[in-house]
Every structure is written in structure tokens, then in C-alpha cells.
1. Can you work out which of the residues in region 328-372 that are of a type in the set (S, T, N, Q) and surrounded by fewer than 18 Cβ atoms within 10 Å (Cβ to Cβ) is farthest from the chain's Cα centre (by Cα)?
2. Only one residue in MET167, MET209 is hydrophobic (A, V, I, L, M, F, W, C) and closer than 19 Å to VAL79 by Cα. Which one?
3. What number of residues within region 193-205 satisfy the criterion of being assigned to a loop (DSSP other than H, G, I, E, B) and surrounded by fewer than 21 Cβ atoms within 10 Å (Cβ to Cβ)?
4. Filter region 160-195 for residues that are touching a residue at least 12 places away in the same chain (Cβ under 8 Å) and more than 30 Å from ASP95 (Cβ to Cβ) and give the result.
5. Given the condition in a helix (DSSP H, G or I), in contact with a Leu (Cβ under 8 Å, 6 or more places away or on another chain) and of a type in the set (Lys, Arg), answer yes or no: does some residue in region 206-228 qualify?
6. Kindly check whether there is at least one residue in region 90-108 that is touching a Lys or Arg at 6+ places or on another chain (Cβ under 6 Å), at pLDDT 95 or above and among the β-branched types (Val, Ile, Thr).
7. Against the conditions (1) in contact with a helix residue (DSSP H, G or I) (Cβ under 9 Å, 6 or more places away or on another chain); (2) surrounded by fewer than 23 Cβ atoms within 10 Å (Cβ to Cβ), where does ASP36 fall short? Just the number, please.
8. Is it fair to say THR376 is within 28 Å of the chain's Cα centre (by Cα) and not acidic (Asp, Glu)?
Amino acid sequence: MSVDSRPFTMTWNEVCARRLERHALSAPSTDMRPADIVTAMAGTHAQVLSAAELGIAQRIEGATRVDVREALWNDRTLVKTYGPRGTVHLLPARDLGMWVGALSAVPYSAPSSPDLRMTAEQTEEVIAAIGDALAGAELTIDELSEQVIARTGPWAADPVLPAFQGMWPRWRQAHHIAGIRGVMCFGPNRGRKVTYTNPRRWLPGLSPMEPETALAELVRCYLHAYGPATPQRFAHWLNAPVSWAVDLFASMGDRLEKVEVEGAQAWVTAGDTAVPSGPPEGVRLLPYFDTYAYRVGNHPAELLYPGRASERVLRGNFQVLLVDGVVAGLWHQRRSGRRLTVTVEPLRPLSPAHHRELDAQVGRVGEILQAHPELTIGEVTVGGHA
């Protein structure tokens, strides 16, 4: 790492402006495609796919949710799979080898209870069975379960994992690991049922990148989207051990550069210290989980969530009103046919210019979701992720 005793300095406003620009939130991109946007975001959280569609389309001038669906299911430039923190993400198909190589090398904790655990050999057996079962098919979870148990043994069927309305079979604890290893991803829904398939059906040349190279590239990707950052923040983003992240950053030597933000030390990729010439500006309505990714990657929380936002928004998964790079409120939408009611609750006074931008943003949300929006300023009464 850089040993310069006088690191490059950035203000919080410069960091905000830099992140807005890199996330295509300062202004929608005129030349990026959905896969480019997902790369710029270091992956897009997709636990609720409609939220991911909105978040990606917002960042591309004139795009709608249809463009994101085309990229995912027809062009295959996006893959829906398990990404950082073992959660559902959209990832660029062209970078899947890097993600698989890097995430497969991240340490994870096995279940603490001996009654739940699988041995390392059993885990590998399940992952191989999943990849084999999906090699030429799109299967629902029940169909996949039958195939995995048939390929492994009755031990895989033991109902030991607490689930929403019962118990899941033992093999399910390796479900997301199979996604991280690159032998499973999501397929198109079959009616209301989720399906899974092997990404090699669509990406026959898929090959995991060598772990050391992949991890270095993942750090670079993360720092481009969220830097300046620290190993501790990177570990939080991945849900990985802090000590492991510290060692990883140290192993990259002079490929990383130390900077100082408001008196605190952080890191960027070496030479990547450019900041926009102007201050962070703009009103944006961030959807579910887009907010979560922005929060996980952006710190410190007291600057990103100033004033009432720290009490009202920080602890829940709300859709947020972003004003000039910081959280200034929350919002919710309710759809009835083609009508879309958008309720925005500002947590600070908005200027007339901000109100005009908010009107435009609500109109843009309606365009993306192919609905007729109506804006109401008032309290959001639903809880997070409702």
C-alpha cells in the first residue's frame, strides 16, 4: 500500500459527488446498458426483482423495466444469482467468472449447531449434484430437491433447517453456495414459481477466475463504486471476517492508495483520486435494496443519514429520498392497475427547485414502471420493505 506520509485528501461533499457520478445518479447515462450499470454498482441487489429493475433503469436515460428484463432473460448480459453476503443479486454475465472466483474464496461460517452441519465432503457432493441436475434444465426448488437427494442420499433430505412454514432439508444450507460457485443461477419464473438452472447453459465458456486475481479485481470493483473505503467496510459489504479483509487489502501493496476523508483514513485503487468539479446535486428516489447497497457501501452513517434520517430510515429497509447525495426522506408506492400512487415523506425542508426535481423523479418512476403516477407529500405509514 502507499506509504506516502501526506495522503490525498477529500471532503465529504467530494466523496458524495464522486459516488453519485459513478452510480449514474448525478445524471442518467446516455450510453450505458444495464450490464454496464450493474458493473458500476458492483452488483445490484435483486431480492425484489422489480426494485432492481427500477434502480437500474433510473440510471439510464429513457430506459424502462422492459430493458432490464431483456438484458436478463433474452440478451443474457445479466445473471440473477447469489452475490455479496450470499444474497440475491444481478451480476454482469461478462464478469461472472470474476465474481465466482472471488466469492468462492471468501471465508464463510458454517452453522453452529452440529445437528445442522454437513461435512465438507457432503457440501461438495451437494454442490456437484445441483450443478449436474441443472445442467440441462430449469427446475423449481421442489424438483431440484428431488434431484439432489436422489444424487446424494437420504441424509440430504433430513428436515433440519427452520423455514417459514416448516423445516427445510439439510442440503438447502448449500443452496446459495452453489450459486456462489457458479453452478446455479435463477431461471425465468414458471408462473409464480421460481426456477433455477446452471449458468453454463447460457455461458458455455464460463470459467472461474483464479482466486487471488479475482479477489484483487473485486476490491478494485468495490472501491470504484464505493471508495474511498476501508477493509472494515469491505468486510461488512461481503459479510466476511474483518481480519481477512485487512490481510487482503495489505496483500495488494501499491495497487491501493491511502486517502484522507475529513480526517479519517481510507483507501482507493492507486491513482483513482479524481473527484467531480461540482458539489453533489440532485433529487433521486432510490428503491428497496438499492438503498441497502448504497448504505452498506457508503459511510459514515451519520453523514449519509443526517438529522432525523438516522432515526426514521437508518434501521429499516425503506425506499429513500436522496437529496444532494444524502438521505433526506423516504417514499412508498402503491399500484392499482395502471395507477401508481407515490407518497414521499421529506425529513427536511425542500426548496422549490427540489420540489420540481421531485415531480420529475416521480414522473420518471411512472415511466419506468409503465404506470400513471400521482405524487402525495405526507407520512409514509408502512414499515420497511412493505
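1. Checked region 328-372; the qualifying residue farthest from the chain's Cα centre (by Cα) is SER351.
2. Numbers: MET167 fails: closer than 19 Å to VAL79 by Cα.
Answer to the check: MET209.
3. 4
4. Scanning region 160-195 gives VAL160, LEU161, PRO169, ARG170.
5. Checking region 206-228: not a single residue is in a helix (DSSP H, G or I), in contact with a Leu (Cβ under 8 Å, 6 or more places away or on another chain) and of a type in the set (Lys, Arg).
6. Looking through region 90-108, none of the residues is touching a Lys or Arg at 6+ places or on another chain (Cβ under 6 Å), at pLDDT 95 or above and among the β-branched types (Val, Ile, Thr).
7. (1)
8. Considered against the rule, which asks whether it is within 28 Å of the chain's Cα centre (by Cα) and not acidic (Asp, Glu), THR376 comes out as no.
The values are calculated or read from the model by the stated rules, or taken from the named source; none is laboratory data. It should be emphasised that the depicted structure is a prediction, and the values quoted were computed from it without experimental measurement. Note that we place each Cβ from the backbone using ideal geometry, even for glycine, and neighbour counts take in every protein chain shown.
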